[in-house]
Every structure is written in structure tokens, then in C-alpha cells.
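For reference, the structure is listed below as C-alpha cells.
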Amino acid sequence: MRPRNDDPVTALRPARGMRAFQDPRRAAVAAVGLAAACLLPAAAPGAQAEQTAEPQEHSEQQAIANPIESTAESRAIGRQRYVFMCRECHGNRGRGDGDMAHAGGVPSDFTDDVWDHGESDGEIFAVIKEGVSADMQGYANRLSDEEIWHVVNYVKSLSR
């Protein structure tokens with residue numbers, strides 16, 4: 001029996017003779033991969049995974065009121081955050097024509113009449129905070145709720 005080791009990377013190293021995980025970086029990568037595999041739902045044999053998720057009901061988000069009034073100051077703060085966080089995909093003017101849009105994704109155009117994931121402030125807030133796809137991931141870790149509300153105010157101003 002091996003002695004207990006409190007260091008998580010070296011604790012992952014197997015006994016002598018198993019070279020695959022002698023490098024601590026490889027052990028850490030393997031541990032993360034194993035943890036991710038354990039969290040994935042098991043599929044029935046022969047079943048194919050769905051390519052697209054079913055649209056979720058947004059009635060709860062739709063009812064959420066924006067606590068920040070859409071003032072010129074709020075939209076200016078929102079624009080500032082938009083430039084740093086959203087412009088690469090959605091473009092300078094919100095038309096979905098940013099540099100990253102040419103990489104194969106289809107970012108939303110905020111200037112048209114179509115709001116794919118809901119047009120209420122609460123629904124837009126939820127999309128920014130939680131994300132909706134691999135291309136549009138959530139920004140909860142990068143923006144505070146208050147900053148997201150400012151971005152909502154700015155994005156909605158683009159469609160006027």
C-alpha cells in the first residue's frame with residue numbers, strides 16, 4: 001500500500017512501472033478527463049446524441065424586470081462591456097458580423113426584428129449570463145449581474 005499523499009497531482013501517480021502517468025501534467029489532464037466522463041449522461045447502446053437542444057421555455061426569464069433604467073449612462077457602460085466581451089462575434093454595430101463570425105458561427109444580429117432567444121430584458125439577460133450554445137457561452141464568470149443589465153440596455157438600443 002502506498003503512503004497517503006495530500007498533493008492531488010502526485011497522488012494521481014500510479015505505482016512504479018506504469019509510465020503513462022509519470023508526468024504530473026499528464027496525470028492532471030487524465031484526472032480532469034475522467035471526471036468529465038463521469039459527469040456525462042450515459043447513452044443507450046446504439047442511440048445517437050441529439051444534435052440540437054430543444055428550445056427551453058423562457059417564461060420565467062421573460063417575467064424578470066430590468067432593475068437598471070435604460071439611460072444614456074447605462075447604455076454607455078453597456079457599450080463599453082460589449083466592446084470588450086461581445087464585439088468579436090456580434091460586430092461593432094451588433095449585426096453579427098464580427099471577426100469571429102467568419103470562423104463558422106452565426107452570431108445574432110441585434111439590429112433586425114428577430115430575437116432567437118427572446119426579446120424581453122430578462123430573456124436577453126439569461127442568454128448573456130447562462131449562454132445558449134458552445135458558440136455563445138455564459139458570461140456569469142466574467143460580468144457581474146449589474147454589468148449584464150447594462151449590456152442588455154445597450155444591445156436593445158441597437159435595434160431601434
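When both residues are 6+ apart or on different chains and their Cβ atoms are under 8 Å apart, which pairs have a first residue that lies in region 139-160 and is assigned by TED's automatic domain parsing to the domain that holds residue 94 and among the acidic types (Asp, Glu), and a second that is surrounded by 12 or more Cβ atoms within 10 Å (Cβ to Cβ) and not in a helix (DSSP H, G or I)?
146/68
Restricting attention to region 114-149, which residues are farther than 17 Å from residue 62 by Cα and more than 17 Å from the chain's Cα centre (by Cα)?
Residues of region 114-149 farther than 17 Å from residue 62 by Cα: 133-144, 146-147.
The answer is 146, and nothing else.
Given the criterion assigned to a helix (DSSP H, G or I) and either modelled with pLDDT of 95 or more or surrounded by fewer than 14 Cβ atoms within 10 Å (Cβ to Cβ) (or both), identify the matching residue among 75, 142, 93.
Working: 142 fails: assigned to a helix (DSSP H, G or I); 93 fails: assigned to a helix (DSSP H, G or I).
Criteria check complete, one pass: 75.
The values are calculated or read from the model by the stated rules, or taken from the named source; none is laboratory data. This one's a predicted model, so the numbers in the text were calculated from it and none came from an experiment. Every residue, glycine as well, gets a Cβ built from its backbone with ideal geometry; the counts of neighbours run over all protein chains shown.
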